[in-house]
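Before anything else, here's the structure in question.
What follows draws every value from the coordinates through simple rules; no lab data is involved. Owing to the predicted nature of the structure, the values given are computational and were not obtained by experimental measurement. Cβ atoms come from the backbone with ideal geometry, glycine included; neighbour counts cover every protein chain shown.
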Amino acid sequence: MDAYRKLLAQTDPEIYDALVGEEKRQAAGIELIPSENYCWPEVLVTLGSVFTNKYSEGYPGRRYYGGQEYTDVIETLARDRAKELFGAEHANVQPLSGAAMNAAVYLVMLEPGDTVLGMDLSHGGHLTHGAPVSHMGKLYNWIRYKSDPANKGAIDFEALRKTALESKPKMIVCGFSSYPRDLDYAQFKAIADEVGALTMADISHIGGLVAGGALNNPVAAGFDFVTTTTHKSLRGPRGGLILCKEQFAKQIDKSVFPGLQGGPHMNAVAGIAITMGKALQPEWKDYCRGILANAQTLAKALVAGGADLVTGGTDNHMMVVDCVTSWGFNGKIAEEALDRVNITCNKQVIPDDPNPPLRPSGIRLGTPAATTRGFGADEMNKLGAWMVEAMTSHEDEAVLAKVKGEVEELCSQFPVPGVE
Ligand code: DSN
């Protein structure tokens, strides 16, 4: 690989310099975006491998191109390991990423105009769960349900049941990209069964934690479809995974290819196989416990500094801080202050946010990447204190410079996987 890096430096120095710059940025800063992580170094090998050269339309044993003896091996391993990991009957590992993965389920199981229940975007649902700006939001009749932030983010299942009885949805979707609690999948399933609806859980953020037994598993609750991206808590390549009951296997496979996509990215499929294998190891459970423990420690440290956490805390890997209520400035100001001290997070709307998405009330934080890097309670306590200091002194250059130096010093002791 070194020889190829040298070649890149000679042939395209602009790209090489950007690559080195990104490596340095990742090494010198703390990553708190809850959907990001450090991919396994072994996966980086497959992503940059000759598997990227191969067209493999179709599925193992039934392809439309020759030369598939090795791609069949990796895709079969990826599917088998994914099924074992989550206890699923069928797995499709070809979705190119999260939005395509969810679209592949909707497009084959629903007709345009069908009614679907999904979590409201500002309460933590994803764009593909019916947000009006997404194509999926326009194609189906979404009814958006909410959580109760004042009651630890609880879903009001009585209200949801009433909505379902009235609207007779074809599908009930649950899952989230900004919700700091676990979900009671059995309650969703019971309501869906009562009204004859299909069930889908998008566990993209928490796929790794579900696999590690740290959070509830919707497959075990009998969900028809469970989707997850593979690059967040799972530490894999960018990609998507659809798990479903055997009765839907043919429809899902046809929906992904040829319905929605062309050739799968076999370099990513090889990475997914590695990722599933890693998560089947006993150490994976320890890693998941570490992510949750770090989230608890960081949450406490932030609260000690005056942070108001949406829903009052966290049960998973993430937390949403209401910066306006906490300190009187918005999430954009907080994100920029943290960027300046090499702590990366994202500004985030809070439930029913009165502020717009580019200047929302909150920020969203998560602990998978820091845990991968080896951070424990000591580092999380320091981090929480630095964050409060940087945000509340966001106009004080001297404070920002001091905190940035402390962050860089800590980071120098924790190498980033995959960066030499
Ligand atoms: N962009 C991902 C996230 O940050 O949650 C979801 O699409």
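Give the dimensionless ratio obtained when the Cα radius of gyration of segment 357-397 is divided by 2.2 N^0.38 Å.
On the way: Rg = 12.7 Å, N = 41, 2.2 N^0.38 = 9.0 Å.
It is 1.41.
Shifting gears a bit: Sequence gap at least 6, Cα distance under 8 Å: using those rules, report the relative contact order of the chain to the nearest whole percent.
23 percent
Return the long-range amide H neighbours of residue 97 (sequence gap of 5 or more, or a different chain), with a cut-off of under 5 Å between placed amide H atoms.
Placed amide hydrogens put 240 under 5 Å from residue 97.
Here is a follow-up. For a label point 7 angstrom out from the Cα of residue 186 toward its Cβ, which stretches of segment 219-245 have the backbone nitrogen within less than 15 Å?
Residues 219-223 fall inside that zone.
Based on a Kirkwood Rh over C-alpha pairs, give the Stokes-Einstein translational diffusion coefficient of segment 124-214 at 37 °C and viscosity 0.692 mPa s in µm²/s.
237 µm²/s
Compute the Rg to Rh ratio over the chain from the alpha carbon atoms, using the Kirkwood formula for Rh, and round to two decimal places.
Expressed as Rg/Rh, it is 0.97.
Then there is this: Evaluated at 4 °C with a viscosity of 1.567 mPa s, what Stokes-Einstein diffusion coefficient in µm²/s does segment 37-133 have when Rh comes from the Kirkwood expression over alpha-carbon pairs?
D = 79 µm²/s.
Based on alpha-carbon positions alone, could you give the equivalent ellipsoid semi-axes of segment 36-80 from the gyration tensor, as √(5λ), descending, whole Å?
Over the Cα atoms of segment 36-80, the ellipsoid semi-axes are 23, 12, 8 Å.
Taking the C-alpha atoms of segment 263-340, how large are the radius of gyration and the largest Cα-Cα span, Dmax, in Å?
According to the Cα coordinates of segment 263-340, Rg and Dmax are 17.9, 51 Å.
Okay, moving on. I need 272, 291 ordered by Cβ neighbour count within 10 Å, fewest first.
With the fewest neighbours first, 272, 291 line up as 291, 272.
Okay, moving on. For labels at residue 165 and residue 28 in the simple 7 Å Cα→Cβ model, what's the distance in nm?
Going by the 7 Å Cα→Cβ label model, 6.1 nm.
Using +1 at the Cβ of each Lys and Arg and -1 at the Cβ of each Asp and Glu in the chain, identify which of 372, 411, 133 lies farthest towards the dipole's positive end.
Sorting the options by dipole projection puts first 133.
If you take the Cα Rg of segment 340-420 and divide it by 2.2 N^0.38 Å, with N the number of residues, what do you get?
Relative to the rule-of-thumb radius for its length, segment 340-420 sits at 1.23.
Over all distinct alpha-carbon pairs, what is the Kirkwood Rh of segment 292-381 in angstrom?
13.1 Å
At residue 238 and residue 150, where each label point lies 7 Å from the Cα along Cα→Cβ, what is the point-to-point distance in nanometres?
My value for the distance between the label points is 4.1 nm.
Still on this structure, please answer the following. Among the lysines, which have Cα under 29 Å from the Cα of residue 285 when same-chain residues fewer than 8 positions away are ignored?
Partners within reach: 83, 152, 189, 232, 245, 300, 382.
Under 5 Å between amide hydrogens, which residues at least 5 positions from residue 343 or on another chain qualify, with H placed 1.01 Å from N in the peptide plane?
Those qualifying (amide H under 5 Å, at least 5 residues apart or on another chain) are 30.
Right, something else. Would you calculate, for the chain, the mean residue ellipticity at 222 nm contributed by helices, counting each DSSP H stretch of 4 or more residues as -39,500 (n - 2.57) and dividing by all residues, to the nearest 500?
Working: 17 runs with 189 residues, N = 420.
Estimated from H runs of four or more residues: -13500 deg cm²/dmol.
Percentage of Cα-Cα pair distances in segment 1-47 greater than 11 Å, rounded to whole percent?
Across segment 1-47, Cα pairs with separations above 11 Å total 75 percent.
Order by neighbour count: 241, 338, 215, fewest other Cβ atoms within 10 Å first, most last. Write down the numbers at each step before the final one.
Numbers: 241 30, 338 27, 215 23.
Going from least to most buried by this count: 215, 338, 241.
Hey, another quick one. May I ask for the Kirkwood hydrodynamic radius of segment 113-167, worked out over all distinct Cα pairs and given in angstroms to one decimal? Display every interim value, and only then the final one.
Values: mean 1/r = 0.0865 Å⁻¹.
Value: 11.6 Å, from the Cα pair sum.
Can you tell me the alpha carbon radius of gyration of segment 86-238 divided by the globular rule-of-thumb value 2.2 N^0.38 Å?
Relative to the rule-of-thumb radius for its length, segment 86-238 sits at 0.96.
A further question on this structure: Which far-off residues, 5 or more places away or on another chain, put their amide H under 5 Å from the one on residue 174, with H placed in the peptide plane?
Close amide H contacts, sequence-distant or interchain: 200, 201, 202.
Hey, could you get me the Stokes-Einstein D for segment 175-333, Kirkwood radius over alpha-carbon pairs, 20 °C and 1.002 mPa s, rounded to whole µm² s⁻¹?
So the translational diffusion coefficient is about 122 µm²/s.
How high is the FRET efficiency between residue 220 and residue 378 when r is their beta carbon distance and R₀ equals 35 Å, given to the nearest 0.05?
0.50
In whole percent, what relative contact order does segment 67-191 give with Cα contacts below 8 Å and a gap of six or more residues?
Taking the mean separation of contacting Cα pairs over the length of segment 67-191, I get 22 percent.
With 5 Å bins from zero, work out the P(r) of segment 164-226 over every alpha carbon pair and list the percent per bin.
4, 19, 30, 23, 14, 8, 2, 0
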